[in-house]
1. Find out how many positive minus negative residues lie around residue 300, taking Lys and Arg as positive, Asp and Glu as negative, among other residues whose Cβ is under 15 Å from that of residue 300.
2. 5 Å is the cut-off here: which amide hydrogens, built 1.01 Å from N in the peptide plane, fall below it relative to residue 446, excluding neighbours closer than 5 in sequence?
3. So if each residue of separation counts as 0.36 nm, and I subtract the Cα-Cα distance between residue 141 and residue 419, what length gain in nm does that give?
4. Amide H to amide H, which residues 5 or more places from residue 168 or on other chains are under 5 Å from it, using H placed in the peptide plane?
5. What spacing in nm lies between the two simple spin-label points modelled at residue 530 and residue 408, each 7 Å away from Cα in the Cβ direction?
6. Can you work out the Karplus-derived ³J(HN,Hα) for every residue in the range 108-120? Use 6.51 cos²θ - 1.76 cosθ + 1.60 with θ = phi - 60°, whole Hz, and x for glycine or proline.
7. Please report the equivalent ellipsoid semi-axes of the chain, computed as sqrt(5 x eigenvalue) of the Cα gyration tensor, largest first, in whole Å.
8. Within the range 4-77, list the trypsin sites (Lys or Arg not before Pro) lying in a DSSP loop whose Cβ has at most 16 other Cβ atoms in a 10 Å radius.
Amino acid sequence: MSDSNPNKLNPAFIEKMKSAGIDVELTQTILDNCNAGKYDHFEPITVTDMPKVDGDRVVDITAEVEVIMSVDEARRAMDALGVVLDVKGVGAVTGDRISFDVKALERLGILLYDVVAYGVLNGGSASSYVDRGKNVGFNRTLFNICEAQFDSMADVSKGQPKGVTPAFINQDGSHGPSFLELKMRGVLIEALKSQLFTGKKSTALYPLYQMTSVYNDAQVADEYRKYKSSSILKDLMTETGLEITDVATGVQPMLAALTHSEAGRPKGIFTHAGGQNETPLPMPGGHGQSFLVLKDVFRTLYDQGKRFVYLGNVDNLGATVNPVGVALMALRGNDAGFDFSFRTPVDVKGGVLVVDGNGRLNCADMGVAISKDEVLKREAAGDRILFNCATGLFNLEFLVNNIDSIIEGLPMRISDQDKDAGKYSQAEQVTWEVIGILDNPMIFGVDKYSRFLAAKLLLEGLMTSGIGLDHPDFPTDTDPTKDLKRIAHQLHDGLTALLTTAYGMKQVNGRWIPKSVDELKSEISKKYSL
């Protein structure tokens with residue numbers, strides 16, 4: 001910054017900003033850029049077309065997938081990753097060509113786990129998630145049916161980082177493991193597969209990494225110390241030799257709210273939050289800030305030999321490691337791969353895969369950049385509409401080499417707000433807008449109920465848990481977008497499948513408990529004929 005205090009803020013106010021967790025210098029840099037017009041070129045996304053499932057840029061991995069290439073190409077792809085692996089022992093060879101069907105891709109992906117790391121974006125607190133008024137507003141009848149379970153879950157979740165709150169509630173009323181515990185268990189199970197494949201200990205999928213915030217980092221760290229003796233993690237950590245609770249972390253600071261556009265230019269720092277003079281308003285800068293916050297973590301992971309990194313939201317139980325996706329990325333050399341689920345009748349809002357005005361794949365909000373009617377019209381014409389699942393798999397070498405241009409190129413959205421704290425504007429970046437600035441992204445077409453189980457409200461989480469499904473008053477409707485019973489059954493079936501497979505659990509007397517390490521090893525050996 002050319003001037004450490006261009007807004008002529010008094011030192012006491014600056015100290016208040018720092019005490020609130022606000023990064024003063026980053027806020028000022030954003031403010032300077034805004035006033036210099038550096039964000040003016042970030043226009044709303046325009047839609048020129050809907051991309052086709054072509055097996056190249058957009059791959060349907062719910063169907064049979066096959067990659068055919070020369071043996072030399074496949075070997076070069078492994079050499080580029082620094083991996084010693086005989087591709088002829090994985091794919092089917094005919095002359096100088098090699099083909100990888102789904103089973104071979106899955107096997108290849110598991111064998112590549114040593115160069116993969118898994119990461120989570122920890123959200124804020126669960127306060128909005130468990131807010132009683134918001135949950136009642138979702139559907140009062142459903143709330144009344146689930147009220148006892150809601151109160152039970154809300155009591156232990158209020159004021160906690162969402163990632164350490166129970167991911168579901170059991171049929172017997174007991175609380176399931178936290179979102180983060182389940183994700184750690186899922187990673188350990190995949191690491192166990194890798195070790196059984198190779199017959200040796202390794203650092204497959206290790207270390208786990210995360211972005212926390214200045215508000216929840218200490219709380220999350222406290223929980224991780226407790227997780228070292230977790231009943232669903234301890235035996236797997238011992239078996240694999242991976243201390244999964246030792247997590248590489250980047251801590252996201254807060255930004256200060258800026259003045260509302262009604263105040264004109266140049267913008268300044270909003271200084272009267274809640275109507276109180278000389279009071280800053282700390283605001284999150286969006287998960288898109290993860291590229292800046294995790295910059296050093298990414299470089300460290302690269303130096304440790306990692307070549308791919310998963311990144312997804314902590315509350316999405318469907319954001320698990322997919323070895324087929326890893327293999328596709330490794331063989332094809334894309335910059336990144338992103339999960340998009342094929343549209344279901346309930347998908348009437350969210351990010352839709354489009355071709356934007358620059359001819360690039362991008363993620364555009366339905367109802368904003370493209371209307372619901374237009375989406376339905378294109379679908380009726382035969383287009384398969386894909387919705388963002390907020391899970392990315394990045395080529396780490398590409399990411400490290402281009403991190404600064406990604407940070408600079410990711411759109412900074414400045415939006416006006418009129419809320420209890422006052423009229424102000426907020427600066428945010430959205431992680432998945434990175435798709436629109438990449439030259440070579442791959443899109444994985446996935447099943448929503450396998451890869452996207454996320455709840456913005458606790459009541460949605462209770463639906464996913466299957467609470468109240470046998471109640472005669474559970475809301476139904478002839479309109480599939482409003483038929484909560486049908487939706488809840490699909491969500492619950494998805495959760496049941498994930499818990500049974502990806503998270504290695506079994507249901508006993510109405511409660512999900514972990515399968516033993518021996519049970520898991522037996523299942524893995526049988527599935528893969530080890």
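A short reminder: the numbers here are calculations on the coordinates, not readings from a lab. The shown structure was predicted, so the numbers you read here are calculated from the model rather than taken from an experiment. Virtual Cβ from ideal backbone geometry, glycine too; neighbours counted across all protein chains shown.
1. My count for the surroundings of residue 300 gives 0.
2. Under 5 Å from the amide H of residue 446: 340, 341, 342.
3. Fully extending the segment from residue 141 to residue 419 adds 97.2 nm.
4. Counting only residues 5 or more places away or on other chains, the set is 176.
5. A separation of 4.6 nm, rounded to one decimal place.
6. For the range 108-120, the Karplus-derived couplings read 4, x, 5, 5, 9, 4, 4, 9, 10, 10, 10, x, 10 Hz, x marking Gly and Pro.
7. For the chain, the semi-axes come out at 36, 29, 25 Å.
8. 8, 38, 52, 57
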